[in-house]
Amino acid sequence: MKIALAQLNYTIGDIDANANRIIESIRQAEKQGASLVVFAEYAVSGTPAYDLLRKTTFLTLCEEALERIAAECRSITAIVGSPMLTERGAVSAAVVMRKGQIDQVIEKQNITARREMGFIVAGAGYQIIDIDGCSLAVVVGDDLSQLQDIPQQADYVISVNARRYGKGLLTYRYETIRRLTYTECRNVIIVNQVGGSGDLVYDGMSGVMNRDGKLELLMKDFEEDFQIYDTLAEHDAQDSPFTSYNHRTRMVYRAACLGLRDYFHKNGYTKACVGLSGGIDSSVVACLAVGALGAENVKGLMMPSQFSSDDSVEDAKVLAENLGIAYSVLPIKAAYDSIVDTLKPVTGGTEFDATEENIQSRIRTVLLMALQNKEGYVLLNSSNKSENAVGWCTLYGDTAGAFSVTGDLYKSEIYDLARYINLNFNNPIPEVILKKEPTSELHPNQKDSDILPPYEVVDAILYRMIEKGEHREEIINAGFDSEVVEKIHTMVMRNVKKRYQYPPVLRLSTCSFRHECLFPLVNKYGY
């Protein structure tokens, strides 16, 4: 039997367009002689739909689209993911269509993702269908983990899924499915979504794994794909495709570009602006913006103050010219002096401190937002996860922006990404930017290391604290200086309020702030 796997990019709430793309793939599968075509979970609605799943009108529109899709399935069977309304509430379902109508509705039983909890209810679980004498067990989402409950007579297990990208999740996903297929002696076909959906990215990588835990088909990562799998043909099987740290950095780059591109295109935006400081963070964001949107749609603003070095401006200019993006230089010294003078009745006579430092960042945000309002350039934030964690950022200053493409990457990962970009895209980032010591240029000769330990130390502690959930004592026992660990912990807990006010962040890790890592605004955390 020939089974078509349709790995498509869906848009949340664009039900008609999603249905049209599904119908197009059904017709393509028919032309190629397939008996069955399989689509991802939530293919009709897009995901995550959150509170849309509580709206009867939305669910009714999804069901009307399913009827329209089913009418196309007269000589082929299709399995299409969609939310469905039941007496118990909305469920995530795999809808089996054949002979021009909906034949079966297979509901997801295990709800494990926070983005679904409270929006859908648990259903009955897998069902077995027969197509051309082939027995197929159909499961939705994380029900795949319950392979041991499925009768052995099923020739294949078909998983209709929507699994997001996160650093390390691809290897974990592969190993989990490999272990399940091998221990349970099952052949598994998995169809995943691809594309950016707000702050999430779906990586695709649908495929087929045989009962020996070997891949017989692996579809493209971060791209749409359409493949025919013949159950009777011989297939070259392979082991894990995830082999190196460099491979992971490549995936981060592709995920970031896809997430940023779809955030813009699906919201109807076309142009992005970036504040270029001559530092590593804004340089990487500019490169990602060009990779996602094209150089013609990106503009940089350089806004030096009296504390900015001439080298920083020149480095930013070289970066912009290497990327081929438009840029402007808008010095902010006059604006800064005017605001400081205006404040003198309140602050006059006091020592220079964070008050004056933060005025610079907030002036720059005013100028960047003016460009957004006047010319339609959407502002990209340029911070990273390390700074967000410890609060090394200015509220209403460098925390501003419509979208943060790097806010879930640690500082050390920003450097990895910069080196990957230079290696693969003709060295757009000047080497001096990679080598200079991190600084916000808040006052003369200021360096981040004046307050923070080296970022490799900060990141190692933060990773253990956030991703691994380790207690401070565990981190200290692992060999880290106790005073440094206590300092980092205090900074993380004192700056929860900043993270609550941060722009939407593209989730590229397994433990993103405000999602998997969510601390209360008021707390006496001492653990």
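For a modelled paramagnetic label at K374, 7 Å from Cα along Cα-to-Cβ, the residues of segment 284-303 in reach, with backbone nitrogen under 16 Å, are 299-303. Helix 482-494 versus the longest principal axis of the chain: what angle, 0 to 90°, nearest 10, using Cα atoms? Helix 482-494 and the main axis of the chain meet at about 80 degrees.
Calculate, for E64 and H471, the FRET efficiency according to 1/(1 + (r/R0)^6) with r their C-beta to C-beta distance and R0 45 Å; round to the nearest 0.05. With R0 = 45 Å, the Cβ-Cβ based efficiency is 0.30. Using 0.36 nm per residue and subtracting the Cα-Cα separation, the extra length available between N20 and L518 on full extension is 175.5 nm. Taking every C-alpha pair closer than 8 Å and separated by at least 6 residues, the mean separation divided by the residue count of segment 77-146 gives a relative contact order of 26 percent. Accessible surface ranking for E116, E296, E234, 1.4 angstrom probe, highest first: E234, E296, E116. With q set to 0.15, 0.17 Å⁻¹, the log10 of I(q)/I(0) for segment 1-157, from the Debye formula over equal scatterers at the Cα positions, is -0.75, -0.96.
Could you compute how fast segment 278-389 diffuses translationally, taking Rh as the Kirkwood radius over C-alpha pairs and applying Stokes-Einstein at 4 °C with viscosity 1.567 mPa s? Give it in µm² per second. Don't skip to the answer; put the middle values down first.
Details: Rh = 15.5 Å.
Rounded to a whole number, D works out at 84 µm²/s.
Net charge dipole, the chain: roughly 740 debye, given to the nearest 20, about the Cα centre with Cβ charges of +1 for Lys and Arg and -1 for Asp and Glu.
With contributions of -39500 (n - 2.57) from each DSSP H run of at least four residues, the per-residue ellipticity at 222 nm computed over the chain stands at -12000 deg cm²/dmol.
Charged side chains reduced to their Cβ positions (Lys and Arg at +1, Asp and Glu at -1) give segment 1-96 a dipole of some 240 debye around its Cα centre. The angle between the Cα long axis of helix 310-323 and the main principal axis of the chain comes to about 30°, on a 0 to 90 degree scale. The listed residues I23, I228 rank as I228, I23 when sorted by accessible area, largest first, using a 1.4 Å probe. Pop out the ³J(HN,Hα) list for segment 370-378 in order, Karplus 6.51 cos²θ - 1.76 cosθ + 1.60 with θ = phi - 60°, rounded to Hz; leave Gly and Pro as x. Computed from phi, the couplings for segment 370-378 are 5, 5, 4, 5, 7, 10, x, 7, 7 Hz.
Between D103 and V96, M97, R98, the built amide H atoms are under 5 Å apart, and every one of these is 5 or more places off in sequence or on another chain. Computed from the C-beta positions of E431 and Q127, the FRET efficiency with R₀ = 45 Å rounds to 0.15. Which residues in segment 479-519 place their backbone N less than 11 Å from a point set 7 Å from the Cα of R114 along the Cα-to-Cβ direction? Residues 511-519 fall inside that zone. Rounded to the nearest angstrom and listed largest first, the equivalent-ellipsoid semi-axes of segment 469-508 from its Cα gyration tensor are 25, 13, 7. For the chain, the longest principal axis of the alpha carbon atoms and the long axis of helix 56-70 meet at an angle near 50°. Proximity of backbone amide H atoms, modeled 1.01 Å from N, is registered between A326 and V298, G300 at under 5 Å, excluding neighbours fewer than 5 places apart on the same chain.
Three principal axis extents describe the C-alpha atoms of segment 196-353; from largest down they are 82, 33, 29 Å.
Evaluating 6.51 cos²θ - 1.76 cosθ + 1.60 at θ = phi - 60° for every residue in segment 259-275, the Karplus couplings come out as x, 5, 4, 6, 4, 6, 5, 6, 9, x, 8, 10, 10, 10, 10, 9, x Hz, glycine and proline recorded as x.
Packing, as the average of other Cβ atoms within 10 Å across residues, places the peptides 104-114, 346-356 in the order 104-114, 346-356, highest first.
Note on Q153/S328: beta-carbon distance plugged into 1/(1 + (r/R0)^6) with R0 of 60 Å gives a FRET efficiency of 0.30.
State, as an integer percentage, the relative contact order of the chain based on alpha-carbon contacts under 8 Å between residues 6 or more apart.
Numbers: 1043 pairs, mean separation 58.1, N = 527.
Dividing the mean separation by the residue count of the chain yields 11 percent.
Within the full protein context, the accessible area of V522 is estimated at about 130 Å² for a probe radius of 1.4 Å.
Determine the dipole magnitude for segment 61-144: charges of +1 sit on the beta-carbon of Lys and Arg, -1 on that of Asp and Glu, nothing else is charged, the reference point is the Cα centre, and the result goes in debye to the nearest 20.
Values: 8 positive and 12 negative charges, 26 e Å.
Approximately 120 debye in magnitude.
Rounded to whole numbers, the Karplus 3J(HN,Hα) couplings from phi for segment 291-298 are x, 8, 10, x, 4, 5, 10, 10 Hz, using 6.51 cos²θ - 1.76 cosθ + 1.60 with θ = phi - 60°, and x at Gly and Pro. Quick one: of the DSSP bridges fully inside the chain, what percent are antiparallel, nearest 5? Of the beta bridges lying entirely in the chain, close to 55 percent run antiparallel.
The values are calculated or read from the model by the stated rules, or taken from the named source; none is laboratory data. None of these values were measured; they are calculated from a predicted model. Glycine gets a Cβ as well: all are built from the backbone with ideal geometry, and neighbour counts include every protein chain shown. Each accessible area value is taken on the protein alone, full model and side chains, heavy atoms only, with ligands, DNA and RNA left out. Shrake-Rupley method; radii C 1.70, N 1.55, O 1.52, S 1.80 Å.
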